[in-house]
2 protein chains.
Amino acid sequence: MERETLIETFIEEIRQRFARVFLDVLVLKLVQIEPMWGYRIIKETERTFGVKLRHSALYPLLHSLEVKGFLRSRREVKKGRVRKVYDITSKGIQFIDFYHDFLREQLQTLKLKK
Amino acid sequence: MERETLIETFIEEIRQRFARVFLDVLVLKLVQIEPMWGYRIIKETERTFGVKLRHSALYPLLHSLEVKGFLRSRREVKKGRVRKVYDITSKGIQFIDFYHDFLREQLQTLKLKK
DNA sequence: TACAATATGTCCTATTTCGGACATATCAAG
DNA sequence: CTTGATATGTCCGAAATAGGACATATTGTA
């Protein structure tokens, strides 16, 4: 019995593709809400978006976002546990703003060049 | 001499990442404007977006979009040359509509679940 | 008649990415 | 005192993807 794939399935695939490919943007947006450390970002993305991040992907990403100047970090010791709390920079905010402009552009009606 | 990478460079990278990862969406949108065949899609994306598509990526993509029911094709013979003209289906239009809804969602202010 | 453009397709390897394993340390609870 | 949660990191093999090469046919132009 042939079963037609529901359109919702394809949209769910888009959702997952987006989360995978624009993980950097997701992380910047989370940190923009409030400063966070890696472990909490993992818990928060699972709780809020149902997306399970692997820490082996997240920690190197946080490092590269710091190198790019989009995040800055400070060490924080809470009850003997060392946390690396990340905060978004003005450059990071600017990047997110540009990114949103780009998304709005994608929502415009496509026109071919004459 | 250390040279800080311009924010525009990162935005350009986003643009390219988008074109690479959401090539299916770009193709659907182009075909939505007017029915097209593979070769013309390649020429049109280069002219309009400056994105060079490889035909080895496009043709299998067109096939899979047809299998998914987002496109339908008809053979057209123009001056002895066989063209496979693709047209968007109602399912394809629905997909693009859902995709736009998703983009609008991405533009909303992020809020963490309490 | 040879070359560029139009037109569609597959194949295979190199590169990239993914995701689980390895590694380590503290604290809280049972 | 052991297990689970918190916390941060690296490494490496497998899987997926990218992109150039291979393949073929017609038409238009120099």
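The values are calculated or read from the model by the stated rules, or taken from the named source; none is laboratory data. The model shown is predicted, which means the values in this text are computed figures rather than measured ones. Cβ atoms come from the backbone with ideal geometry, glycine included; neighbour counts cover every protein chain shown. We work out accessible area using only protein heavy atoms, side chains counted, and drop any ligands, DNA or RNA first. Shrake-Rupley method; radii C 1.70, N 1.55, O 1.52, S 1.80 Å.
Structure notes:
- When A:Arg72 is tested against (1) surrounded by 14 or more Cβ atoms within 10 Å (Cβ to Cβ); (2) within 26 Å of B:Ile11 (Cα to Cα); (3) under 15 Å from the mean Cα position of the chain (by Cα), just one condition goes unmet, and that condition is (3).
- Here the condition is being modelled with pLDDT of 95 or more and touching a strand residue (DSSP E or B) at 6+ places or on another chain (Cβ under 6 Å); of B:Lys29, B:Lys84, it holds for B:Lys84 alone.
- Test: A:Ser64 is within 13 Å of chain B (Cβ to nearest Cβ), surrounded by fewer than 17 Cβ atoms within 10 Å (Cβ to Cβ) and farther than 30 Å from B:Gln32 by Cβ: yes
- Within region A:1-23, considering residues that are assigned to a helix (DSSP H, G or I) and within 11 Å of DNA strand C (Cβ to nearest atom), the one nearest to the other protein chains (Cβ to nearest Cβ): A:Val21
- Inside region B:27-48, residues that are within 9 Å of another protein chain (Cβ to nearest Cβ) and in a helix (DSSP H, G or I) make up a count of 7.
- All of (1) more than 10 Å from DNA strand D (Cβ to nearest atom); (2) basic (Lys, Arg); (3) open to solvent by 90 Å² or more (accessible area, probe 1.4 Å) hold for A:Arg54 with one exception: (1).
- Number of residues in region A:26-37 that are under 12 Å from the mean Cα position of the chain (by Cα) and open to solvent by less than 40 Å² (accessible area, probe 1.4 Å): the value is 6.
- In this entry, A:Lys43 is excluded by the filter for residues that are on the phi > 0 side of the Ramachandran plot, open to solvent by 60 Å² or more (accessible area, probe 1.4 Å) and either without any contact (Cβ under 8 Å) to a residue 12 or more places away in the chain or away from DNA strand C (no atom under 15 Å from the Cβ) (or both).
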